[in-house]
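Colleague: Quick one: this structure, given as structure tokens, is what I'll be asking you about.
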Amino acid sequence: GKRVAIWGYGREGRAALWALRRRVPELPLTLFCSEAEVSSVRGELTIPTPPCAAQPARIEIISEPPNAAMLSAFDTVIKSPGISAYRAEILEARRNGTRFSSGTALWFAENPDARVIAVTGTKGKSTTTALIAHLLRGLGRSVALAGNIGMPLLDLLDPPQQPDWWVIELSSFQTRDAGPIEVGVINNLFDEHLDWHGNRERYTDDKLALADVARTLIVNGEQHELLARTAQHRRRVVFGASAGWHVGDAFVACGKESIVALGDVQLPGKHNAKNVCAALAAIDAAGEDAHAAARHIASFRPLPHRLQTLGERDGITWIDDSIATTPQATLQALATVADRAVTVLVGGVDRGVDWQPFVECVCARPPQAIITLGANGPRIAALLREFGFGAPLQEATTLHAAMECARAVTPIGGVILLSPGAPSFDQFRDYAERGRRFAELAGFDPEAIGQIEGLGIL
């Protein structure tokens, strides 16, 4: 009996539309989507919805961005996560009585008794989420792996059997729609998505909303702000500190006990060893045997586009770290190849993030070369010159042009690293498409290296 609209027809919007057609096929819907998506929508709407309704209600498709008056005509608008909750038209429609929801909120409302481990953070959340699922499955548990990692929760709305655990990745766009959860993990906090949230304070507040709905909260003990902001949580567990799960000289350790040799961890870099600590702390907090689970770390395969070594072509090693959408992530990537002659490709969408700390670090310890690209490439290049960057520096517009520049300046035996430190939306649909294009241009099969394993219920 409500007037309902769906805003956005990406992965989450599509899942919301089909979930509503399953649950309430008689409900008329309005879909706001882009002009480019209209033909796709109309083609998909010809597919029967299981279980089929005799006559599903009409869906009105509007291919223009809604303004406040259009949004105010609805009781509920289910919006895609990428649409900022702080847009002026949304705030005005809220004042006019429109309720905004999401696929995440709908799933949690339908599954109040689900046992959930939810992971958020600026970097490493996908790896940590997938690792938790992998380790729990190694213990013989049935696990659903879903959320921001690549499978909308609403795609798993009616499983034939409830899994033992739901392991869910949440972006900062989704954390306020989640809960309650058994275990919440906050890996870290760095500046990102400031264009969506408006400022760093709001971004931090939105991330930390996970703490409000988590029975047990796992936080990174190396981040002082995170520790201070979560100090009052009733059941907080800290990783990265010597009393708990932490990275030692050669082992992942728990207290004084060495558990996993770093050489047995397939994930490159110390930051990934910290992700292992976060995953094991979460499994401990969930009441499962983390020490037994740790035996399965060696069999975990790294996710695509995350410091993924594609291989060697013409004497050069190619590494895809397209997931790196903050300068801090790029610095972590460079640390993993610090002993190589590395040319790094940086730049993409300009979200107002401060690049000066990155520039200061690479000026002090310069890589073989830096190639800038994308919308914020000129700003990064100008800052590097201002601070006296002493290695080769070139500017390109497109990824293809940047890779040609990189080939020209990288010596045999060197590395070309795509670690942009910025989102991809100026030229690509998402970081995965950017990574696949990088692989293709480097001479590798993009489909062979781009799949996340283990999504869904196993």
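The values are calculated or read from the model by the stated rules, or taken from the named source; none is laboratory data. Keep in mind that this is a model prediction, so the values were computed, not measured. Positions of Cβ are backbone-derived with ideal geometry, glycine not excepted, and every protein chain shown enters the neighbour counts. When the accessible area is computed, the model is the full protein with side chains, heavy atoms only, and any ligands, DNA or RNA have been set aside. Shrake-Rupley method; radii C 1.70, N 1.55, O 1.52, S 1.80 Å.
Colleague: Would you kindly identify the strands (runs of 3 or more DSSP E) lying entirely within the stretch 244-362 that contain at least 3 residues that are over 30 Å from Arg115 (Cα atoms) and in contact (Cβ under 8 Å) with a residue 40 or more places away in the chain? Explain how you work it out, then say what you get.
Modeller: Values: elements: 245-247, 251-254, 257-261, 308-313, 316-320, 342-346.
In the stretch 244-362, 308-313, 316-320, 342-346 are the strands (runs of 3 or more DSSP E) which contain 3 or more residues that are over 30 Å from Arg115 (Cα atoms) and in contact (Cβ under 8 Å) with a residue 40 or more places away in the chain.
Colleague: So is Ala146 open to solvent by less than 30 Å² (accessible area, probe 1.4 Å), modelled with pLDDT of 95 or more and touching an Asp or Glu at 6+ places or on another chain (Cβ under 9 Å) or not? Before you say what the answer is, go through the steps one by one.
Modeller: On the way: open to solvent by less than 30 Å² (accessible area, probe 1.4 Å): yes; modelled with pLDDT of 95 or more: yes; touching an Asp or Glu at 6+ places or on another chain (Cβ under 9 Å): yes.
Yes.
Colleague: In the stretch 77-104, what residues are buried (at least 19 other Cβ atoms within 10 Å of the Cβ) and either under 20 Å from the mean Cα position of the chain (by Cα) or more than 19 Å from Pro28 (Cα to Cα) (or both)?
Modeller: Lys79, Ser80, Pro81, Ile83, Ala85, Ile90, Ala93, Ser102, Gly103, Thr104
Colleague: Another question about this same structure. If only one of Asp284, Asp354, Asp339, Asp320 is open to solvent by less than 60 Å² (accessible area, probe 1.4 Å), among the charged types (D, E, K, R) and either touching a helix residue (DSSP H, G or I) at 6+ places or on another chain (Cβ under 9 Å) or at negative phi (or both), which one is it? Spell out how you get there, then give the answer.
Modeller: On the way: Asp284 fails: open to solvent by less than 60 Å² (accessible area, probe 1.4 Å); Asp354 fails: open to solvent by less than 60 Å² (accessible area, probe 1.4 Å); Asp339 fails: open to solvent by less than 60 Å² (accessible area, probe 1.4 Å).
It is Asp320.
Colleague: Every residue in the stretch 221-247 that is loosely packed, with under 11 Cβ neighbours inside 10 Å and at positive phi, please.
Modeller: none
Colleague: Can you name the condition, by its number, that Leu189 falls short on among (1) more than 15 Å from Ala294 (Cβ to Cβ); (2) of a type in the set (A, V, I, L, M); (3) open to solvent by 30 Å² or more (accessible area, probe 1.4 Å)?
Modeller: Only one criterion in (1) more than 15 Å from Ala294 (Cβ to Cβ); (2) of a type in the set (A, V, I, L, M); (3) open to solvent by 30 Å² or more (accessible area, probe 1.4 Å) is unmet by Leu189, namely (3).
Colleague: Follow-up question, since we're still on this one. Filter the stretch 91-143 down to the residues that are small (Gly, Ala, Ser), touching a residue at least 60 places away in the same chain (Cβ under 8 Å) and either part of a loop (DSSP other than H, G, I, E, B) or in contact with a helix residue (DSSP H, G or I) (Cβ under 6 Å, 6 or more places away or on another chain) (or both) and list them by number.
Modeller: The first filter runs over the stretch 91-143 and keeps only residues small (Gly, Ala, Ser), leaving 93, 97, 101-103, 105, 109, 114, 118, 121, 124, 126, 130, 133, 138, 140, 142.
Adding the requirement that they be touching a residue at least 60 places away in the same chain (Cβ under 8 Å) leaves 101-103, 105, 118, 121, 124, 126, 130, 133, 138, 142.
Hits for the stretch 91-143 are Ser102, Gly103, Ala105, Gly121, Gly124, Gly138, Ser142.
Colleague: Also, quick follow-up: Is it the case that the stretch 6-21 has a residue that's touching a Leu at 6+ places or on another chain (Cβ under 7 Å), part of a loop (DSSP other than H, G, I, E, B) and surrounded by 14 or more Cβ atoms within 10 Å (Cβ to Cβ)? Even if it seems obvious, please write down each step before you answer.
Modeller: Residues of the stretch 6-21 that are touching a Leu at 6+ places or on another chain (Cβ under 7 Å), as a first pass: 6, 9, 15-17, 19-20.
Retained after the next criterion (residues that are part of a loop (DSSP other than H, G, I, E, B)): 9.
If we keep only those that are surrounded by 14 or more Cβ atoms within 10 Å (Cβ to Cβ) too, we end up with 9.
Yes, the stretch 6-21 has at least one match.
Colleague: So Gly198 passes all but one of these: (1) on the phi > 0 side of the Ramachandran plot; (2) surrounded by 18 or more Cβ atoms within 10 Å (Cβ to Cβ). Which condition number does it fail?
Modeller: (2)
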